[in-house]
Structures are given as structure tokens and as C-alpha cells.
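Taking it in order: structure first as C-alpha cells, then the write-up.
The values are calculated or read from the model by the stated rules, or taken from the named source; none is laboratory data. Everything numeric here is computed off the predicted structure, so don't read it as measured data. Cβ placement follows ideal geometry from the backbone for every residue including glycine, while neighbour counts extend to all protein chains displayed.
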């Protein structure tokens with residue numbers, strides 16, 4: 001049985017506020033039963049503007065008691081997401097750090113922490129309190145735009161979003177690309193890769209327990 005620690009307990013709900021994200025952040029309209037639940041680094045920078053085109057607005061399903069709405073949730077391979085997230089973290093908060101000082105001790109400390117902000121936090125925290133039976137899950141991969149557009153079309157919305165390019169991708173940002181060249185080789189070392197996989201064990205359990213929308 002898949003279980004999670006409740007972010008709504010012990011003050012965890014606002015733990016990432018200083019980084020710009022509160023658990024439960026979502027988009028919806030008050031007159032419909034659908035809501036999109038935001039998970040950073042899972043194509044949220046692409047999805048949110050497209051939903052604003054449909055007049056969806058920002059809410060929080062914890063604060064606004066929207067637990068019964070049908071949720072749209074995008075999940076991503078945890079190791080892939082961690083790499084993208086750690087690059088985002090350093091680009092946002094340590095842009096001028098001297099990467100020549102990075103050494104084995106630094107990388108070991110990095111792996112002891114693993115989570116630095118909302119971009120690297122475990123994905124299951126972002127959907128705490130929602131019934132998995134009332135969620136349509138999407139996989140964040142090269143086909144996400146097509147599947148998302150197909151879902152919207154089936155719900156009566158305009159299917160045009162598959163034409164739009166992803167936003168804030170590492171490949172299109174020189175600074176994030178620089179950090180990716182540094183951190184990606186760490187994943188070739190089994191001790192680091194296994195540590196990351198073990199840390200995100202519950203995210204892997206979540207992904208293996210759900211069926212992803214495929215159009």
C-alpha cells in the first residue's frame with residue numbers, strides 16, 4: 001500500500017514558501033471539476049501559461065478544500081528530474097559559484113542533502129491528500145504535449161498546445177547547461193545513482209502504481 005508523510009502536518013505545508021512554492025498549488029476554475037496540480041520541473045512552466053489561456057487561475061487545493069476535484073498530475077522519472085532540478089537550483093541561487101572548487105567532498109555532501117528546494121523535492125509530497133483514483137496521471141516525456149492536448153480535446157477544450165515548445169529547458173539555457181555538464185557524470189557512478197534512487201523510492205513506487213494517460 002502506497003503511503004506518504006503528510007505535508008499538512010508538522011508545518012511542512014509551507015516548508016518551501018521561501019523558494020516560491022506552497023504544497024497544494026494548483027490551477028482550476030470554480031465552475032469545473034478539473035484541476036491541474038503543479039509539480040516543479042515536470043513541465044509546469046509550459047503547462048501553466050497554456051491553462052491561463054483557458055482562464056484557469058491559481059488556487060491551493062489544501063487551503064481551498066478542493067480535494068474532491070479530479071486532478072491532472074504530471075510525474076517525471078526521479079533521477080532525470082533531480083538532475084534538471086539541481087541544475088535549476090544552482091542557476092537560480094548560486095549563479096556565480098566557482099565550479100573549479102567542486103571536488104569529491106563537495107559531491108559527497110551534495111548527495112547527503114539531495115533536496116535543496118522545490119525543484120528537487122519528492123514528487124509524492126505535491127499530491128498529498130488526493131485520492132489516486134481521482135487523478136489522471138501524465139508522464140513528463142517527449143510525448144507529454146501530445147497527450148496533454150489530447151486530454152484537453154476529449155474534455156471539450158481546444159487542442160493546440162502540442163504545437164508549443166517546452167519552456168525553461170536546460171538545453172536552452174547556457175547556465176543550466178553548464179551545471180548539467182558537471183552533475184550529469186555523477187549519475188554514471190553507481191554509489192551516487194543508487195543513493196538518489198533510494199532517496200526517491202516512494203516516487204518510484206508511486207509511478208509504478210499508476211497508469212499514465214496515453215490518449
Inset, instruction - Scan (1) within 18 Å of residue 43 (Cβ to Cβ); (2) modelled with pLDDT of 65 or more for the single condition residue 190 breaks and write down its number. - result: (1)
Inset, instruction - Check 132, 119, 124, 94 and return the single one that is under 30 Å from residue 211 (Cβ atoms), surrounded by fewer than 17 Cβ atoms within 10 Å (Cβ to Cβ) and out of contact with any strand residue (DSSP E or B) (no Cβ under 8 Å at 6 or more places or on another chain). - result: 132
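Just the residues that are more than 21 Å from residue 190 (Cα to Cα) and either part of a helix (DSSP H, G or I) or touching a strand residue (DSSP E or B) at 6+ places or on another chain (Cβ under 9 Å) (or both), please, taken from the range 97-116.
Residues satisfying the conditions are 99, 100, 101.
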Inset, instruction - Read through the list (1) exposed (fewer than 12 other Cβ atoms within 10 Å of the Cβ); (2) in contact (Cβ under 8 Å) with a residue 24 or more places away in the chain, then give the number of the only condition that residue 101 fails. - result: (2)
Inset, instruction - For residues that are part of a helix (DSSP H, G or I), in contact (Cβ under 8 Å) with a residue 12 or more places away in the chain and either exposed (fewer than 14 other Cβ atoms within 10 Å of the Cβ) or touching a strand residue (DSSP E or B) at 6+ places or on another chain (Cβ under 6 Å) (or both), tally how many sit in the range 206-215. - result: 2
Legend entry - Every residue from the range 1-32 that is surrounded by 12 or more Cβ atoms within 10 Å (Cβ to Cβ), in a loop (DSSP other than H, G, I, E, B) and modelled with pLDDT of 90 or more: 23, 24, 29, 32
